[in-house]
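Let me begin by presenting the structure, written as structure tokens, before commenting on it.
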There are 2 protein chains.
Amino acid sequence: MHMLIIGAAGMLGRKLAARVAADGGIEGRPVNALTLVDAVPAIAPAAFAGTVTVETLDLSVPAAAARCVAGRPDVIVHLAAIVSGEAERDFETGYRINLDGTRLLLEAIRAAHLDSGYRPRLVFSSSIAVFGAPFPEVIGDEFFTTPLTSYGTQKAIGELLLSDYSRRGFIDGIAIRLPTICIRPGTPNAAASGFFSNILREPLVGRQAVLPVSEDVRHWHASPRAAVRFMIRAATMDLTPLGWRRTLSLPGLSATVGEQIAALRRVAGDRAVGLIRREPDETIARIVAGWPANFAATRARALGFVAESSFDEIIRVHIEDELGGNLVAA
Amino acid sequence: MHMLIIGAAGMLGRKLAARVAADGGIEGRPVNALTLVDAVPAIAPAAFAGTVTVETLDLSVPAAAARCVAGRPDVIVHLAAIVSGEAERDFETGYRINLDGTRLLLEAIRAAHLDSGYRPRLVFSSSIAVFGAPFPEVIGDEFFTTPLTSYGTQKAIGELLLSDYSRRGFIDGIAIRLPTICIRPGTPNAAASGFFSNILREPLVGRQAVLPVSEDVRHWHASPRAAVRFMIRAATMDLTPLGWRRTLSLPGLSATVGEQIAALRRVAGDRAVGLIRREPDETIARIVAGWPANFAATRARALGFVAESSFDEIIRVHIEDELGGNLVAA
């Protein structure tokens, strides 16, 4: 099987490529060719027996999408996006990459379909940013999309296009709304959601972290490992049961900041928790208040998508995957 | 006030222009300039004291949108669309007009906004085709959009763009999901929904009509007069109460074909009803089964949108507006 990852240089793209390389396939189906596309050079995963092709492309340049599908990949995982904050600051770039880029990809596939009957599996990473407050206590699978960011708007449009192109038979597509990824590896960044990861990742290695909101703030989380599992499931499962409702809100863990901190205490002790410094930030508190915090995800659960069930588990996954299985004493 | 109607040669565009011309304004605000845009020449309404400009433009040609807003209309009513059946037959034309055309219009307004702070009221005619079966018995205001046609997909995307451009401050926009317009004046056409009008309009003037579905088929209706009232309300009301949820499912009358026929019998007698010829058509029955039939429309009703409350009333409106107030004996 030939697999194409667009957005392969990002955190999830790298983890997905590494997983596929390590397993030599996805859910038992061998992958012998891997094409990694990103606007910046992606790094080929180590220890992959098949062919790896790395392409550095801007998806919003018309020829780029045709080049992506020139090798007729069987499975395409489309993760490339201008992130939320940047799409909000730069209206034009957000629409150019997140909307036009996605549409150009769909059109390149359609052109190949009309030419030769090509019809790949397309996994589109959408986001809970398609939802905008106010919300019910638990958001059901049939709740409407009223995004409060341009990024969320562009993702919601991508979902609609993907369903229509699937219904028309040009692709076999599925859009998956990922929870916020926690614990995100790397270093603290300026994203408004960054603190959800920072307050766990930094104390786990003895560093201070800033908490800008109160402990009763609730959010929707899944680990990077769960996200990779979601993408692989979406890439391989039979999509017939979805009908033409090709978008799934994925399972996650609904937890408060207080619950995150209690889990940190259980796993790493009081000294780790003592590294969290409270610095209330009105702006971040207001942004976060507009985010969804709890989903039923009934359809996705019934289709076999599984997330973590506790923050203890999310922390353990981080220790295993990012810290070599060992907790450095704080 | 300067008002622009895009899609002004269509049935609703003509009726809206005629209404504005006859009243000299909308809801008490004088209109002194009317620009009528369509792909085919629109006809200037009679007896309008202000200036009428007729432009024949294809909205999907880039310069066309800039030309539409060159006169900086205060209110824009965007009705232009490739209709459902045609957008389904011709994928590319549907996307070119219904998606690209709408986006080019929004982008032309944004360019004028960035240039001079221009920010018009934009009324976008959406459709209940944004919904796809299966449905709850009554569709609430927060039900999700899972269209089963490319037309419905394009309208749902238009709604999302309109909300984002409003939130960004480029327009003051509202999308209104019109019920099926009944009784549609004119002659029987090939649209799958045509029979809902045909079985009333034709017998009212002594002509036969074909009924291709059973009498228990339920659908969602409003008269052309109500549709014009909806557009004028949307063009003038304060949109602040909508927040950034700028799309409204409008009120209508949920009625079965049997209820339509009973109303025809009450208004025009048995002989009129006898002109309805039953010719079951599996294809039409299957298409219609996928359409929504009943909405709560709670928000729109609270905001003062009012539709007819019986088919007797819908038929009386047709007799007044299309038959000069007189029923020709069948």
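The values are calculated or read from the model by the stated rules, or taken from the named source; none is laboratory data. Just so it is clear, the structure is predicted and the values come from calculations on it, not from any experiment. Here the Cβ is made from the backbone with ideal geometry for all residues, glycine too, and neighbour counts use every protein chain on show. Ligands, DNA and RNA are excluded from the accessible area calculation, which covers all protein heavy atoms including side chains. Shrake-Rupley method; radii C 1.70, N 1.55, O 1.52, S 1.80 Å.
Report, by residue number, each residue of region B:282-322 that is acidic (Asp, Glu) and at pLDDT 95 or above. It would help to see each step written out before you state the result.
Looking only at region B:282-322, we keep the residues that are acidic (Asp, Glu), and these are B:282, B:308, B:312-313, B:320-322.
Listed by number, the residues that qualify are B:Glu308, B:Asp312, B:Glu313, B:Glu320, B:Asp321, B:Glu322.
Any chance region A:37-46 includes a residue that's modelled with pLDDT under 95 and under 30 Å from A:Pro147 (Cβ atoms)? No, that holds for no residue.
Among the residues of region A:161-172, just one is facing chain B (nearest Cβ under 8 Å) and small (Gly, Ala, Ser), namely A:Ser163.
The single condition among (1) among the charged types (D, E, K, R); (2) part of a helix (DSSP H, G or I); (3) over 17 Å from the mean Cα position of the chain (by Cα) that A:Arg119 does not satisfy is (2).
Annotation: of all residues in region B:110-146 being in contact (Cβ under 8 Å) with a residue 60 or more places away in the chain and among the acidic types (Asp, Glu), the one that is nearest to the other protein chains (Cβ to nearest Cβ) is B:Asp141.
The number of residues in region B:148-160 that are of a type outside the set (Val, Ile, Thr) and more than 7 Å from every other protein chain (Cβ to nearest Cβ) comes to 6. For region A:3-81, list the strands (runs of 3 or more DSSP E) that sit wholly inside it and hold at least 2 residues that are without any contact (Cβ under 8 Å) to a residue 60 or more places away in the chain; which are they? Fully inside region A:3-81 and qualifying: A:33-38, A:51-56.
Looking only at residues of region B:86-103 that are hydrophobic (A, V, I, L, M, F, W, C) and buried (at least 21 other Cβ atoms within 10 Å of the Cβ), we find that the one that is modelled with the lowest pLDDT is B:Ala87. Checking each residue in region B:267-302 for being open to solvent by 60 Å² or more (accessible area, probe 1.4 Å) and hydrophobic (A, V, I, L, M, F, W, C) picks out B:Ile287, B:Ala289, B:Trp291, B:Ala302.
Give the number of residues within region A:69-85 that are within 19 Å of A:Val20 (Cα to Cα) and either touching a Cys at 6+ places or on another chain (Cβ under 6 Å) or open to solvent by less than 20 Å² (accessible area, probe 1.4 Å) (or both). Lay out the reasoning, then the answer.
Here is the first cut: in region A:69-85, the ones within 19 Å of A:Val20 (Cα to Cα) are A:71-80.
Of the ones still in play, those that are also either touching a Cys at 6+ places or on another chain (Cβ under 6 Å) or open to solvent by less than 20 Å² (accessible area, probe 1.4 Å) (or both) are A:73, A:75-78.
Adding up the residues that qualify gives 5.
Residue check: is B:Ile171 among the β-branched types (Val, Ile, Thr) and surrounded by fewer than 23 Cβ atoms within 10 Å (Cβ to Cβ)? Spelling it out, it is not the case that B:Ile171 is among the β-branched types (Val, Ile, Thr) and surrounded by fewer than 23 Cβ atoms within 10 Å (Cβ to Cβ).
For every residue, the table says whether it meets (1) under 23 Å from A:Leu303 (Cβ atoms); (2) open to solvent by 30 Å² or more (accessible area, probe 1.4 Å).
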{"residue": "A:Ser125", "(1), (2)": "yes, no"}
{"residue": "A:Ala129", "(1), (2)": "yes, no"}
{"residue": "A:Pro134", "(1), (2)": "no, yes"}
{"residue": "A:Phe143", "(1), (2)": "yes, no"}
{"residue": "A:Glu159", "(1), (2)": "yes, no"}
{"residue": "A:Pro188", "(1), (2)": "no, yes"}
{"residue": "A:Ile199", "(1), (2)": "no, no"}
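Only a single item in (1) more than 14 Å from every other protein chain (Cβ to nearest Cβ); (2) open to solvent by 10 Å² or more (accessible area, probe 1.4 Å) is not met by B:Ala209, and it is number (2).
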